[in-house]
Structures are given as C-alpha cells and as structure tokens.
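Worksheet: the structure to be examined is printed underneath.
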Amino acid sequence: MLPGPRPRCGATPAAEVIIGRMSDHQLRTRPPAGPAPAPRTPGSRAATALRAAAPALAVYAAARALGLLTFWAAASAAGKDPLGPLSRRWDSVWYQRIAENGYGYTVTLPDGSVHSDLAFFPLLPALERAVSAVTPLTLGGAGLLVAWTAGLLAAWGVFAVGAQLRGPRTGVVLAVLWGVYPTAFVQSMAYTETLFTALAAWALYAVLTGRWIVAGTLCVLAGLTRPTAAALIAALAITAAVTLVRECRAGDGFGPVLRRNARMIAGVALAPLGWLAYVVFVAVREGGPFAYFDVQAQWGNNIDGGRALAAFIAGLPWPAALGLCAALGLLGWLVVLCVRQRQPLPVLVYALTIVVISLIGAGYFGSRPRLMMPAFPLLLPPAAALLRLRTTGRTAAVLTVLACASAAYGAWTLLGPGPP
C-alpha cells in the first residue's frame, strides 16, 4: 500500500475519529480552486511516494550498511565467517529447515522438553523457498534478501506513518531511529522482524488513511509471520469498536452506522484470519485444540504475567538490577510520552500491546528488546525531540552517534555465544 493524500474535512466519520478534522486555519489558507488536475495513475502515485520517502530510505540504508561493515570487519578480525551469524544461526536455521523440508522437526532437550518447529510461523520460510527456487541463492541467501528488502519496505512504512502524523521531517527521523535501534542488527539477519514491521507499518498507514480492506489484508499476512500480530489485530479491532460506539452515541441508528462502515467492519473481520489459520493448522496437525499454545509453552514462550521478568531482575546483582529497572522506567516514560502526544488510537494500541506482550512472556530475557523492535511508534517522542534541536547538523550528529553505537553493539552481540 502506497501513501495517498490526507483525508479532507469531509472525511468519513471513521476517519475523523482516527485523525481528526482539518482546522479552520487550514480551510482559510487553502488555495482557490483551479482547473482539476489530471488523474494520477497508480504508477505515478508510487513514484511520487517513493521520491518523498527517498531521504528516509537512503539514510536508513546507510545506517544498516554501517552496521554490516562494522560487523564484517569485527568478524574478519576474529577469524569468523561473517555470513554465519546472519543467515545460519539461531532462529534462521529453523526457518530454513522449514523452507527445505516443511514442518515436522523436533529437538528433545536434556530436561525432557521438546522444541518443535511448529513454533515458527510459515510466511518467511515460504518466501525463502520461493526466492531460492527462482534465483541462484541458497535458502540462507534468500532469507537475507527477503529480510533486507523487507527492511527497506519497513523503513518506508515507518516513514509514511511518521509523515502522516507529524510531517515528512518526522517521518525521516523516525525511520532512521528505527534503523539504529540498539538491536537493529537483527534487521540484517534472516529473521522475521523486518518482514513483520513492514506489514504492520503499512497496515497502520492504511488504517490512518481509511483503507480498511488493505489494512485487514496486511494483517492476514502479519498473522502468518509472527504471533505478535495479535497487537495489530487488537489495534484494528479497538479502533473500529470505538468508531462504531461514537457514531451510535452521536444519534445515528445502528443499521446506518454499520452500512456506512461496512469496509471497516470487513477489514477487521479479515485481520485475524492469518493468525487463526496457523493456530488451526497446528491444532489439526497435533490433534489438540490448544496444540499451538502447548508448542509455544515448550519453548518457554507462554504468558506468565511478568513473573519470569521479575525473577530475572531479582536474580541479578544489584547494580545490574538497578540498571535494568532504569531501562524499564525509560520504556514506561516513552509510553507516557506517546500518550501525551495524542498518538492516534490504532498506533497507540499497537505499540502498547507489543510492549505488554514482550514483557509478560516467560521467554528468554535477552530476546525481549528484539521483540519490542516492531513497536516503532515508541520512537515518535524521541524523533520529535531531535527535530527541536537548533540545527539539522545537530540532529544528524546525534543520529550518527546512535548509528555507530548500534553498529558496535550489533557486532559485539553477533560474535557472542547467545541468541539475540
């Protein structure tokens, strides 16, 4: 889905709930009507949208290239294969095995727990297999191509959301901040983070511009990519529910409200189908209605309400525990700032749900920053703060420092023993 024009004052009630009405000043300063412009073709709209996003994509690509070059130099100095951690390690191995052989592989650990490949969703393996079939690339190379392409599409979507909410300059800084996130090195790996973020960002953009069928379709694909698609589904459902309630309270009959918002309702109905389809597939394959949740529990990915996080903090030396609590406090402050920014309801619900899901799971603690990376709306307050600096040079300098720090941290993590 490509960026389109912002809704005008005569937007549908659903769009008004999400983005608000145009101000009187905007109405007064609108230029007088002239000859109707020639209709734009989809190709011209795509070209215009790409030109608008070009600065964001260029700086994002430069940040990721810096990360890759830093890691390549560090791996070469250590005598290690640079491609190994990017495409043949940790979760990427599971995705490639599914792409090659389908589902059915399990590993039994010494403690008796069973890790099944059914914990991994099917869209990335399907894309890896398709790309490998039509190119000379191995499955690992195909995974990297998918991830890097999806990273550019994700940066474009993040830019589109930021530009829609606060203008193109915010969109550029937001996309770059997402590309220099502390665990942004995962964006260069054959993982699902970039693919999921691309689908989520464009789905949110579609909601903000009133294109609910497109948003629901992208939600279906996100639901075949990661379990955190639940956050995107919740964003659409809650936004639609609030819209319907407000319109009904405004005095319209229930029937007219439903008819007027038929496309919104259809988009919300579409949204969970991808995630539900995979849950049903696992249930049928394993012969139990809750088999998917059992598989995730075996991996330690069940929801425990935050007990595992509390136990992890309690087991740390007190300086480390204080540092982690400070980081969690900073995360909470970002959430408060997002609320105070009056971010649109779908954007806010999506980001908060991603954070909550990441914190209340029982999974490996080191993966939690990575799991929160798709919550890019949390970076809107820092983006706004950077744009308040006196000069563009200062903003660029801060982003450069963040990019260097992210690249160094990525190289150190990828060359370490544990999974990201």
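The values are calculated or read from the model by the stated rules, or taken from the named source; none is laboratory data. Source: prediction; values computed, not measured. Cβ: placed from backbone, ideal geometry, glycine included. Neighbour counts: every protein chain shown. For accessibility, only protein heavy atoms count, side chains too; no ligands or nucleic acids. Shrake-Rupley method; radii C 1.70, N 1.55, O 1.52, S 1.80 Å.
Summing Lys and Arg as +1 and Asp and Glu as -1 over all other residues whose Cβ lies under 13 Å from the Cβ of LEU414 gives a net charge of +3. Spin-label model, ALA320 to ALA133: label points 7 Å out along the Cα-to-beta-carbon direction sit 4.6 nm apart.
Rounded to a whole number of µm²/s, how large is the Stokes-Einstein D of region 210-363 at 20 °C and 1.002 mPa s, given Rh as the Kirkwood radius over C-alpha pairs?
Numbers: Rh = 18.0 Å.
D, rounded to a whole number, is 119 µm²/s.
I need to check one value: relative contact order of region 251-364, counting alpha carbon pairs closer than 8 Å and at least 6 residues apart, in percent. Walk me through the intermediate numbers first.
Details: 49 pairs, mean separation 39.4, N = 114.
Worked out over region 251-364, it gives 35 percent.
Protein heavy-atom surface of the chain, 1.4 angstrom probe: 68% of the accessible area is carbon and sulfur, with nucleic acids and ligands not counted. Considering only Cα atoms, the convex hull volume of region 118-204 works out to 100 Å³ per residue. Coordinate range of the alpha-carbon atoms in region 58-212 per principal axis, descending: 52, 44, 38 Å.
Kirkwood hydrodynamic radius, computed over distinct alpha-carbon pairs, for region 163-206: how many Å, to one decimal?
Value: 11.4 Å, from the Cα pair sum.
Using the 1.4 Å probe convention, the accessible area of the chain works out to 47 Å² per residue with neighbouring protein chains retained.
Using Cα-Cα distances under 8 Å and only pairs 6 or more residues apart, what relative contact order does region 167-280 have, in percent?
Details: 103 pairs, mean separation 34.2, N = 114.
Contact order relative to length: 30 percent.
Placing dummy labels 7 Å off each Cα toward the beta-carbon, the span from ARG45 to ALA405 is 4.0 nm. Between region 123-167 and region 49-97, the alpha-carbon centres lie 12 Å apart. Mean silhouette area of region 277-420, derived from the convex hull of its C-alpha atoms and averaged over all directions, reads 11.9 nm². Averaged over residues, the count of other Cβ atoms within 10 Å places the peptides 295-308, 100-113, 187-200 in the sequence 187-200, 295-308, 100-113, highest first.
Binning all Cα-Cα separations of the chain at 20 Å, short to long from zero, yields these whole-percent fractions: 24, 58, 17, 1. Placing a pseudo-label 7 Å from each Cα along the Cα-to-Cβ vector at ALA397 and VAL242 gives an inter-label distance of 3.9 nm. Scattering from the C-alpha atoms of region 169-296 alone, worked out with Debye: what is log10 I(q)/I(0) at q = 0.09, 0.10, 0.11, 0.16 1/Å? Debye output, listed in q order: -0.35, -0.42, -0.50, -0.89. So which trypsin sites (Lys or Arg not before Pro) in region 144-233 end up in coil per DSSP with only 15 or fewer other C-beta atoms within 10 Å? In loop regions of region 144-233 (DSSP not H, G, I, E or B), there are no sparsely surrounded trypsin sites (Lys or Arg not before Pro). Here the contact order of the chain, divided by its residue count and restricted to Cα pairs under 8 Å and six or more residues apart, works out to 21 percent.
Distance from the Cα centroid of region 326-401 to that of region 270-312 is 26 Å (rounded to whole angstrom).
Pop the C-beta distance of TRP333 and ALA58 into the FRET formula with R0 = 30 Å and round what comes out to the nearest 0.05.
For R0 = 30 Å, the calculated efficiency reads 0.45.
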